[in-house]
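Quick note: the coordinates plus some simple rules give every number you see, no bench work behind them. Quick caveat: nothing in here was measured; it's all calculated off a predicted structure. Neighbour counts run over all protein chains shown; Cβ positions are idealised from the backbone, glycine included.
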Amino acid sequence: MGEYVLVNGRPGRITTDDGTGNPYKVTFDNGEVSGWLDPRDVTQDATRATKLWLFLLFRFRRLLGEAQVTAENAAAAKAKVAAAEAAAKDVTQAAAPKPTGRFRMGDYVMVNGRRGKIASDNRTSNPYKVTFDNGEVSGWLYPHDVTRDVTRAADAARAAWAARAEAVRLQKEARRAAEAVRYLTERYRSDDGMGGARWPLCSQWQLVVWARQGLLFLVSFFMDFVLWFSPYEAHRTARYVFAALAIAVLGGFWSLQARRQPYTMRQQHWLEAFLYAVDILAIVGACVYGALTHDGAVQDGPMRLALELGLGALLGASMLVAVLVVGVDIARERQLIRKALIDGIGIQLIDEPIVAAIRDGAVRLIDIDWLLDSRSDGQLPRVTKVVARLASNEPTSVLTRRLATHCGTSSICITVEAASAASVTSPPPSPPPSPPEVAALAEVQLENWSSLGHVTPKSTVVVTFHLSTFEEAATLTAADLRHKAETVRDRLAQLPELERVEIVTGKPFLPHCQNMPPEAFLPPVRAADLYERRRRGVKVVSYCWRISGMPDPDGFTLEKIRGSLQVMKRGDGDLGLFVDFACIPQLFAWPSWYAPEAIIGRLGAEARQGPPTVLKFERERVATEDEAQVGVDELVSLCEGKEWELASIADFKSLGLSKHVSVLFHGRYHNGAYRFDEGASAEGYVRFRTADDAKAARQDPKLTRMCGGKEPKLMGEHVFENELKFKRAYSVMGSLYASATGTCVLQLTDPPGKLGHDVVPSELVSERTGTVFVVQDESLKDKSLEELQKLLGNSVLACEKKGSTGVVVRVLGERAARAVRSLNERGYPLQTSAATRFIARITCYARSLRRKDRVVYPMYNLRPYGSRGWPTFEASAASIVLAHLKKLKRLPKKALTDKQKQLLDCGPKLINIDVIDAPRVMEVVAQSPGRLLRECKKLLLSKRIFFNGNGDRKDLVQLLLDFEDSIAVEVDQKRAKHLKLTTEDLVRARRSREQRHTVNEELMPTQHVSVPTRTIHVVSVELERPGSGKIRI
């Protein structure tokens, strides 16, 4: 059914087959249906298949031609761009004023409005002769007759930009054409090997494969045609003739393949040769079988059985060998990757970017000797509270707001409770709910808070200002916290109803990197040397952040870290400690939940943002680096036209930019190096020489239109540097946990405090003073407390803005606190209808809260270690290294290399520090490293893992993909030796070609670079990746 046939020369298609003697009905091309036809009346229509085959050959050949032409046009345009940029650079340098003030030979000048070039200078009173653009030469001219041509440089720059725009268009066409044939050509090697290109081209070997299949099809077709019209006696001879033709076709193409060797991998040549031999043997065996059995007429006999078994064994063996070759190749590939990770490639890819980031100061290491010394107690901030007893009859919400305004703090940091209740020991946390209650958390029936109204205070209340937990100091240093506490205490002393006030301090904690004491860090050079010793002298901590922006609100995390380090130190020399929050500059240098516009006004803080000379802008996304460069050229052209002077971003050494860079656009950090990335956000940065130029550029309407109507954001240099340092450190942070020799991971899985029981800070979760929730809903960010109480209920005691995304609220009641404590890994953040029901149960105001764009979660995060994103990634990275080490331990010592012996002798890789003063070395369950990596990616993409930020999941998975891609590229470059990709001559040819590609160019990721003349260039390098065509770096 459906087969194309011929009936008396008329083409048609079989539409009916009833299985009788004349079973067929045919529908012809004109729609007419035939009657019932005998099989002898119908012949197979081979012309359609032949036409299709010829069409495919023609179409593929045309695609190849288009790809070649467009590639040549793009290459010519790229060369034209390079020439235009060089000319623009020469013109700019020639037009620049000289220190002597005199014109020099070759300078471009204007004479009475005519453009020309200084051709003679005899240094007399009228020294100059000028050759004009039309070739005419002037007479002798006085200096006042000649003026410098300042417009030629702009014209040359515009010509270079126009050439680049044309090159981008041609490169788009070349990319589309190349993509159309990529899947057909990427298996084959290039054509410019030793001796030059020869026909048939290796990159077009797919045409040869199709030609072989087409010839075999024609042999089969003509054999059927001859057998159909020839007498039966001639059938055997015809079969032998066409079998010989098929063998000749196969042998000819086998010989052609042996001479040209089109495949990149040598194993594929061997496999193809084996399959050619099997095809020829199968045809010969079939001929022998037909001759000895008289075309199957002999029904018995051992000869027939032996031949059938032999043919079946031959076909089965060919399939088995092909499967074995592929399987062995995959096994060798995995072995190569595993060896590469343990040996040089792993050290190069994992450790070198980290060492560079540490040496530049993007990643800092804490000096463990300083941390364990008593002097650190006086330099680290401590948990700080101001506790006061007041006589007041005001409602709690009113009192809280009045005290916040009077003392210059946020209202969310204040808790109020009756003096009699505060003197009673707090009850133990509520027991965890039963499993059905956990599963139906969003449906928990909370009591009706609207009936409570405001908390009725006693005559004397205890008011506590939790300054450190809510980052009330301008900078969270020990001195600023003390100063803030003293300021609050002094202002409270002015109140007539005050009975007593005191400052209470608790355990020390680690603030974020910007607020760490300078003495806490090892000098960058010393820290890099410590890491390079490869003795796991750098301890990295894997733990849970309990509050976004304040991972350790009560100091228990630091207490456990210190206790474990005291046991592990034992005179091992210098040791460094990495804690992400304290060792990487954070993007939020201010309290993360404040409204940005209210920070300086509320806290009265010094603006330490640095000179505002950087603009952060956003444009349309682009697909290629050259398209991004066109956008950069437009921006630079605007700046030059407005005479805004640009400055080099590379002056910030911690950013790892090795050239003069004035503009960064559409890029991201990959393993510590900034490069263009098609999938990155379309954000960019431009740095100006002065703050006035930056301010003028921000207000320029043309720049705003260039950015799609979005006004660029003005940034201080310190804020800009911290943002890019964070991104650079973020790109290498995963490698800190995956380093085989540089780091030891300290794993803190249980919440701080008593093992197995989390001591929740009462200022965050409490039945008496309220529980703090984050409500992400932009419609609520401008609401006052009274409006929120009308909307959410009277149980809301205080509120503050949280940036530009929503509000932070304190909700009173036992049910709210129990709901937070009952949350398991599926409990929050609650989104859409679940969030609505959850906050509605707390506030009993469900009707107005039914919004699908609302997210509600507690500010204090009680989620377990195993259900968080970063801890899962960190533990998986360390476990992969442990899996490699476990495999090495099974090998005999004689089989180990020096690097592998060093791996086994440099101490434990993963240590659990849940119990203070009792660290425990961890081992991994026997699994392959590849399986652990796959499980890690699967977990990170699943809904079982929770991330604090919406973009963290994507960023973390991208880190894994970057690492895998880097390993693949490095391993591919080693495959010529390990997998014998091609002949040695071809390997040498490829090396010479790569050297030609990289001559006079620095091998570095693409950046948008400016030389001191403020001309923007792009450096790009193309390398040949074996088996995968060209890759762009």
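Binning the alpha carbon pair distances of region 693-780 at 10 angstrom intervals from zero yields the distribution 12, 16, 23, 26, 18, 6, 0, expressed in whole percent.
Counting only Cα atoms, the size of region 870-945 along its three principal axes is 46, 34, 17 Å, in decreasing order. With both labels modelled 7 Å from their Cα along Cα-to-Cβ, the Ala244 to Val957 distance reads 6.2 nm.
The Kirkwood radius of region 618-713, taken over pairs of alpha-carbon atoms, gives through the Stokes-Einstein law at 4 °C and 1.567 mPa s a diffusion coefficient of 93 µm² s⁻¹. Sorted fewest first by neighbouring Cβ atoms within 10 angstrom, Phe665, Phe221 come out as Phe221, Phe665. For Thr464, neighbours were defined as the other residues whose beta-carbon sits under 13 Å from its Cβ, and their charges (Lys and Arg +1, Asp and Glu -1) total +2. Count Lys and Arg as plus one, Asp and Glu as minus one, and take only other residues whose Cβ is under 13 Å from that of Cys799; the net charge is then +2. With R₀ set to 25 Å, the beta-carbon distance separating Thr131 from Ala76 gives a calculated FRET efficiency near 0.25.
Evaluated at q = 0.19, 0.28 Å⁻¹, the base-10 log of the normalised Debye intensity for region 4-44, with identical point scatterers placed on the Cα atoms, takes the values -0.43, -0.94.
By the count of other C-beta atoms within 10 Å, a proxy for reagent exposure, His406, His269 are ordered fewest to most as His406, His269.
Going down the table (Lys695/Lys725; Lys725/Lys943; Lys727/Lys901; Lys117/Lys172; Lys616/Lys659; Lys802/Lys954), which pairs top 27 Å between alpha carbons? Where the Cα-Cα span goes over 27 Å, the pairs concerned are Lys725/Lys943; Lys727/Lys901; Lys117/Lys172.
To one decimal place, what Kirkwood hydrodynamic radius in Å is obtained for region 901-940 from all pairs of distinct Cα atoms? After inverting the pairwise mean of 1/r, the radius is 12.6 Å.
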